[in-house]
Ligand SMILES: [Fe+2]
Ligand SMILES: [Fe+2]
């Protein structure tokens, strides 16, 4: 969860990348040779938390960036993207998000099958889960760097301070929206 000291969208989302990285690390550490409820729980939590983060970007960050081009952009600071550059990079991030959710859904399905014993050889199944998670981790690293080095800096360059504050509040709210099944533990 982002701390209250994070004031802008950039800080909140970058801090959430760090928290997600830690969850991912814990998940990989919990994946042993066979199915374990603790590993499934960590996978489920990472999936839910990444989905919340992605929702924050899809519902708030990306639309805010793209709509900032609707106004007068003639006096923008240097190093601001053109609308077509912004669209192109955001399309890339969208396709990464689809990939993450797709791979994690596949990992969840394998784990569920293991839990109900329909997964056959559990060691091979857990091995394929580990590979799926490792692929997500590697692509997520590149993805997060692109966001932190580029896209997360755009609101400060493109938007008025009041709009930046409103965006930060929306994203903060989205990142609090943990599904009910986790809430008791988070409290
Ligand atoms: Fe993202
Ligand atoms: Fe992100």
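Where a number appears in this text, it was derived from the coordinates with a stated rule and is not lab data. These numbers come from a predicted model, not from an experiment. Cβ sites come from the backbone with ideal geometry, for glycine too, and all protein chains shown count toward neighbours.
General observations
- Crossing angle, helix 9-30 versus the chain [Cα axis fit, 0-90 degrees, rounded to tens]: 10
- Once the chain from residue 157 to residue 19 is taken as fully extended at 0.36 nm per residue, the excess over their C-alpha distance is 47.1 nm.
- Efficiency of FRET from Cβ geometry, residue 33 and residue 70, R₀ 45 Å, rounded to 0.05: 0.25
- Computed FRET value (nearest 0.05) for residue 102 with residue 150, which takes r as the C-beta separation and R₀ as 35 Å: 0.90
- 0 to 90° range, to nearest 10: angle between helix 37-56 axis and the chain longest Cα axis: 20
- For residue 26 and residue 83, the FRET efficiency from 1/(1 + (r/R0)^6), where r spans their Cβ atoms and R0 equals 41 Å, is about 0.55.
- Equivalent ellipsoid of the chain: semi-axes from √(5λ) of the C-alpha gyration tensor, largest first, are 35, 17, 12 Å.
- Taking 7 Å steps out from each Cα toward its Cβ at residue 134 and residue 173 produces label points 4.2 nm apart.
- Simple spin-label estimate for residue 184 and residue 91 in nanometres, 7 Å along Cα-Cβ: 4.7
- Principal-axis tilt of helix 161-174 within the chain, Cα atoms, nearest 10 degrees: 10
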